[in-house]
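To start, the structure itself, in structure tokens.
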Amino acid sequence: MFEFSPALQNLIEQLARLPSLGKKSAARIALHILRAPKENVDALAQALTDVKTRIKFCSICFNLTEEEPCPICQNPKRDRSVICVVETPADVLMIEKTKSFRGLFHVLGGALSPLDGISPDDLRIRELVNRVDASVKEVIIATNPTTEGDATALFLTQALKNKQVRVTRIASGVPVGSDLEHIDSVTLTKALEGRVDLLK
């Protein structure tokens, strides 16, 4: 039976550890790397090394950064009275792309999930509570609209109860430009529950 060389087989196994990559996809990528010019492979190897050596978590918001603190926390033009709480650094990027939020962020590092063994101590909840002082007027909870995200939002609301701060949750519901007939029942229920008063 044909087998790849040990070096190529090792590369395939390492690539297959990445999320959403099976053995076949890993083998295709490995063979592509093998055919690529050496300078391209060297650049890829250097990029992987740089990511591990240069990127760290911001000591204030826990977003990924090469600077300390991160550029968002450093920016004097950001509204320091509002903190948006998200699960991951990818969520910060998505919100920043909207260009509609000018406050600060706090990255929890995940969501509560007892089935996966993720408890409040595994998230940066204590750090959030410590961050919320008299200068913070609002905490926006922007966890995902999932069972885990909703449980995390509820826990955060309780944790911030004695902080004299407004705690809000981002709305969830029907996407703009979609037809109701194509919306799933959970999303439609959320939209109905989160309806707004148009006469206010």
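The values are calculated or read from the model by the stated rules, or taken from the named source; none is laboratory data. Given the structure is predicted, the values throughout are model-derived calculations rather than measurements. In this analysis, Cβ positions are derived from the backbone assuming ideal geometry, glycine residues included, and neighbour counts consider all displayed protein chains.
Quick one: is residue 157 touching a strand residue (DSSP E or B) at 6+ places or on another chain (Cβ under 7 Å), among the polar types (S, T, N, Q) and in contact (Cβ under 8 Å) with a residue 12 or more places away in the chain?
Here the answer is yes, as residue 157 does meet what is asked.
Under the condition of being out of contact with any Gly (no Cβ under 9 Å at 6 or more places or on another chain) and assigned to a loop (DSSP other than H, G, I, E, B), the residues counted in region 84-105 number 4.
Could you run through region 58-83 and say how many residues are in a strand (DSSP E or B) and either in contact (Cβ under 8 Å) with a residue 40 or more places away in the chain or exposed (fewer than 14 other Cβ atoms within 10 Å of the Cβ) (or both)? Talk me through it step by step, then tell me what you get.
Residues of region 58-83 that are in a strand (DSSP E or B), as a first pass: 64-65, 79-83.
Add one more test, that the residue is either in contact (Cβ under 8 Å) with a residue 40 or more places away in the chain or exposed (fewer than 14 other Cβ atoms within 10 Å of the Cβ) (or both), and what stays is 79-83.
Adding up the residues that qualify gives 5.
Taking (1) exposed (fewer than 14 other Cβ atoms within 10 Å of the Cβ); (2) of a type in the set (Lys, Arg); (3) touching a residue at least 12 places away in the same chain (Cβ under 8 Å); (4) under 22 Å from residue 154 (Cβ atoms) in turn, residue 102 satisfies each apart from (4). So, residue 91, is that one over 16 Å from the mean Cα position of the chain (by Cα) and either among the charged types (D, E, K, R) or surrounded by 19 or more Cβ atoms within 10 Å (Cβ to Cβ) (or both) or not? Spelling it out, it is not the case that residue 91 is over 16 Å from the mean Cα position of the chain (by Cα) and either among the charged types (D, E, K, R) or surrounded by 19 or more Cβ atoms within 10 Å (Cβ to Cβ) (or both).
With respect to residue 32, determine if the residue is farther than 20 Å from residue 141 by Cα and either in contact with a strand residue (DSSP E or B) (Cβ under 6 Å, 6 or more places away or on another chain) or surrounded by fewer than 16 Cβ atoms within 10 Å (Cβ to Cβ) (or both). So residue 32 passes the test.
Give region 1-56 a look and list any residue that's in contact with an Asp or Glu (Cβ under 8 Å, 6 or more places away or on another chain), in a helix (DSSP H, G or I) and closer than 30 Å to residue 69 by Cβ, or say none. Don't jump to the end; show me each part of the working.
Residues of region 1-56 that are in contact with an Asp or Glu (Cβ under 8 Å, 6 or more places away or on another chain), as a first pass: 9, 26, 54-56.
The next check asks that each one be in a helix (DSSP H, G or I); those that pass are 9, 26, 54.
Within region 1-56, just 54 meets the criteria.
The lone criterion from (1) free of Cβ contacts under 8 Å to residues at least 40 places away in the same chain; (2) over 15 Å from the mean Cα position of the chain (by Cα); (3) assigned to a loop (DSSP other than H, G, I, E, B) left unmet by residue 110 is number (2). Here residue 136 clears all of (1) in a loop (DSSP other than H, G, I, E, B); (2) hydrophobic (A, V, I, L, M, F, W, C); (3) under 17 Å from the mean Cα position of the chain (by Cα) except the condition numbered (3). Restricting attention to region 121-154 and to residues that are touching a Leu at 6+ places or on another chain (Cβ under 7 Å) and surrounded by fewer than 17 Cβ atoms within 10 Å (Cβ to Cβ), the residue that is modelled with the lowest pLDDT turns out to be 151. Applying the set (1) aliphatic (A, V, I, L, M); (2) more than 14 Å from residue 149 (Cβ to Cβ); (3) buried (at least 19 other Cβ atoms within 10 Å of the Cβ) to residue 86 leaves exactly one unmet item: (2).
Could you tell me whether any residue of region 3-10 is on the phi < 0 side of the Ramachandran plot, surrounded by fewer than 11 Cβ atoms within 10 Å (Cβ to Cβ), of a type in the set (Asp, Glu) and touching a helix residue (DSSP H, G or I) at 6+ places or on another chain (Cβ under 9 Å)? So far as region 3-10 goes, yes, one or more of its residues are on the phi < 0 side of the Ramachandran plot, surrounded by fewer than 11 Cβ atoms within 10 Å (Cβ to Cβ), of a type in the set (Asp, Glu) and touching a helix residue (DSSP H, G or I) at 6+ places or on another chain (Cβ under 9 Å).
Here region 162-191 is the region considered, the condition is being exposed (fewer than 10 other Cβ atoms within 10 Å of the Cβ) and either touching a strand residue (DSSP E or B) at 6+ places or on another chain (Cβ under 8 Å) or not in a loop (DSSP other than H, G, I, E, B) (or both), and the residue that is modelled with the lowest pLDDT is 180.
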